[in-house]
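**Q** One structure follows; several queries about it will come next.
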Amino acid sequence: LWIAVFAAAAGIPTGITLCRETRKKQREARAEGKHVPYGVYEAVLKRRFDFFFALAAIILLSPVIFITAVFVKKKLGKPVIFIQKRPGKDEKIFEMYKFRSMSDARGKDGALLPDEERLGKFGKTLRATSLDELPELFNIIKGDMSVVVPSPQLVRDLVFMTNQQRMRHEVRQGWTGWA
């Protein structure tokens, strides 16, 4: 106790002072709409947790991933993986992987049919069971995504987002959200 009193009187920062200063800086940054990690978990451990969770899930679910890939190829053809650009952390665009769930059916004029017509029974089942999202585990391994945070929106949605809604891009986008 006496050391803390002496340090405070001498103007030497202690752990308590540093914590207060850090919390003050965090409050100021949040007031400006900036993201500040909430602690050691978010700053250090979350990425490691995400990586090992995704790796374990890929290993455990590899038979399901393989069987799903075979069925997608058989029912919908190539390519098996659907790649779509999405905004990630700091609105940096990344390629998100999913199993393909729609056909390439085209009308008489050669244009793709509406989504409702290209999404068949198999595609609806893939989406209902969320099996189409299993390849996103590879995005987590790459570091483009995290496990539990807001899901990535479409690039075209960036235009319509308010500044508060854009704050979602201060963290890696997620495989699944809180909802």
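**Q** Only one of (1) modelled with pLDDT of 85 or more; (2) open to solvent by less than 90 Å² (accessible area, probe 1.4 Å); (3) touching an Asp or Glu at 6+ places or on another chain (Cβ under 7 Å) is not met by Pro87, so which one is it?
**A** Checking Pro87 against (1) modelled with pLDDT of 85 or more; (2) open to solvent by less than 90 Å² (accessible area, probe 1.4 Å); (3) touching an Asp or Glu at 6+ places or on another chain (Cβ under 7 Å), the one that fails is (3).
**Q** Read through the list (1) in contact with a Phe, Trp or Tyr (Cβ under 9 Å, 6 or more places away or on another chain); (2) within 24 Å of Arg47 (Cβ to Cβ); (3) at pLDDT 90 or above, then give the number of the only condition that Glu95 fails.
**A** Failed condition: (1).
**Q** On to the next question. If I filter region 133-157 down to residues being among the acidic types (Asp, Glu) and modelled with pLDDT under 90, which single residue comes out as farthest from Ser62 (Cα to Cα)?
**A** Of the residues in region 133-157, the ones among the acidic types (Asp, Glu) are 133, 136, 144, 157.
This time we only want the ones that are modelled with pLDDT under 90, so: 144, 157.
On the way: Asp144: 21, Asp157: 33 Å.
By that ranking, first place goes to Asp157.
Listed here are the residues, each with its yes/no results for (1) within 28 Å of Arg100 (Cα to Cα); (2) at pLDDT below 75; (3) open to solvent by 80 Å² or more (accessible area, probe 1.4 Å).
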| site | (1), (2), (3) |
| --- | --- |
| His35 | no, yes, no |
| Phe52 | yes, no, yes |
| Leu60 | yes, no, yes |
| Val64 | yes, no, no |
| Ile67 | yes, no, yes |
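**Q** Being among the small types (Gly, Ala, Ser) and more than 14 Å from Gln84 (Cα to Cα) is the filter here, so list the residues in region 130-154 that pass it.
**A** Residues of region 130-154 among the small types (Gly, Ala, Ser): 130, 143, 146, 151.
Matches in region 130-154: Ser130, Gly143, Ser146.
**Q** Give me a count of the residues in region 137-152 that are under 11 Å from Lys89 (Cα atoms) and buried (at least 22 other Cβ atoms within 10 Å of the Cβ).
**A** Counting residues in region 137-152 that are under 11 Å from Lys89 (Cα atoms) and buried (at least 22 other Cβ atoms within 10 Å of the Cβ) gives 3.
The values are calculated or read from the model by the stated rules, or taken from the named source; none is laboratory data. All figures in this text were calculated on a predicted structure; none of them were measured in a lab. With ideal geometry, Cβ positions are generated from the backbone for all residues, glycine too; neighbour counts draw on all protein chains shown. Just the protein is used for accessible areas: all its heavy atoms, side chains included, with ligands, DNA and RNA removed. Shrake-Rupley method; radii C 1.70, N 1.55, O 1.52, S 1.80 Å.
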